[in-house]
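The values are calculated or read from the model by the stated rules, or taken from the named source; none is laboratory data. Since the structure is predicted, the reported quantities are computational estimates derived from the model, not experimental observations. Quick reminder, even Gly has a Cβ in these numbers, built from the backbone with ideal geometry, and neighbours come from all protein chains shown.
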Amino acid sequence: MLSRIGAAAKPGAIQPPLPPFSRETAAQKVRLAEDGWNSRDPQRVALAYTPDTIWRNRDQFPRGREQVIEFLTRKWEREVEYRLIKELWAFDANRIAVRFAYEWLDQDGQWYRSYGNENWEFDTQGLMHRRFASINDLAIAESERLFHWPQGRRPDNHPSLSELGL
């Protein structure tokens, strides 16, 4: 069984599965990333990235783990009740393309579903060196929510994005 992304990882630790990816190992990497982000633990999540990681996330461009931690801390202070589903879109050697959706509540009580795509590039240790994300937010009514599990890891039997028609 694979360890969870960032779980008990130390800086420089190998983060399997490693490239080159197969369909199975790319899907595993995607689920591990989803699990990490659903932890809402910036320190843990940052360990899945190289120390000099390069990001584009909407209009922000964090560089390195420290900026990633700062970015994620701000993100999850603003996006409460955060629940994320990622799905493998494509893969090749050391790259993975992902589509995702997440639901969150802002400080004013407005629910959102955010849709996006990410392009990932990994080093030989299985750490993500580049992450480029494009994301759009859609305000939704609470009654339109589809992600109802308790915060944390999405249950294995919860529908995927494709199964939800997203």
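The set of residues in region 30-43 being surrounded by fewer than 19 Cβ atoms within 10 Å (Cβ to Cβ) and more than 28 Å from residue 142 (Cβ to Cβ) consists of 43 alone.
Limited to region 111-147, what total is found for residues that are assigned to a helix (DSSP H, G or I) and of a type in the set (Asp, Glu)? Here the count works out to 2. Just one of the numbered conditions (1) within 24 Å of residue 105 (Cα to Cα); (2) touching a residue at least 12 places away in the same chain (Cβ under 8 Å) is not true of residue 48: (1). Put simply, of 93, 101, 46 the only residue that is closer than 14 Å to residue 129 by Cβ, of a type outside the set (Lys, Arg), touching a helix residue (DSSP H, G or I) at 6+ places or on another chain (Cβ under 7 Å) and modelled with pLDDT of 95 or more is 46.
Against the conditions (1) among the β-branched types (Val, Ile, Thr); (2) touching a residue at least 24 places away in the same chain (Cβ under 8 Å); (3) surrounded by 14 or more Cβ atoms within 10 Å (Cβ to Cβ), residue 80 satisfies every one except (3).
Residues that are within 24 Å of residue 78 (Cα to Cα), in contact with a Leu (Cβ under 9 Å, 6 or more places away or on another chain) and not hydroxyl-bearing (Ser, Thr, Tyr) within region 105-130 comprise 111, 113, listed in sequence order. Residues of region 44-64 that are more than 15 Å from residue 94 (Cα to Cα), surrounded by 20 or more Cβ atoms within 10 Å (Cβ to Cβ) and aliphatic (A, V, I, L, M): 45, 46, 47. Kindly indicate whether residue 111 is modelled with pLDDT of 95 or more, touching a helix residue (DSSP H, G or I) at 6+ places or on another chain (Cβ under 6 Å), over 18 Å from residue 57 (Cα atoms) and surrounded by 15 or more Cβ atoms within 10 Å (Cβ to Cβ). Spelling it out, residue 111 is indeed modelled with pLDDT of 95 or more, touching a helix residue (DSSP H, G or I) at 6+ places or on another chain (Cβ under 6 Å), over 18 Å from residue 57 (Cα atoms) and surrounded by 15 or more Cβ atoms within 10 Å (Cβ to Cβ).
One residue alone among 155, 159, 150 is assigned to a loop (DSSP other than H, G, I, E, B) and closer than 13 Å to residue 87 by Cβ, and that residue is 159. Within region 83-108, the set of residues being assigned to a strand (DSSP E or B) and among the small types (Gly, Ala, Ser) comprises 90, 97, 101.
Give me the residue from region 42-82 that is β-branched (Val, Ile, Thr) and in a helix (DSSP H, G or I) and, out of that set, farthest from residue 32 (Cα to Cα). By that ranking, first place goes to 73.
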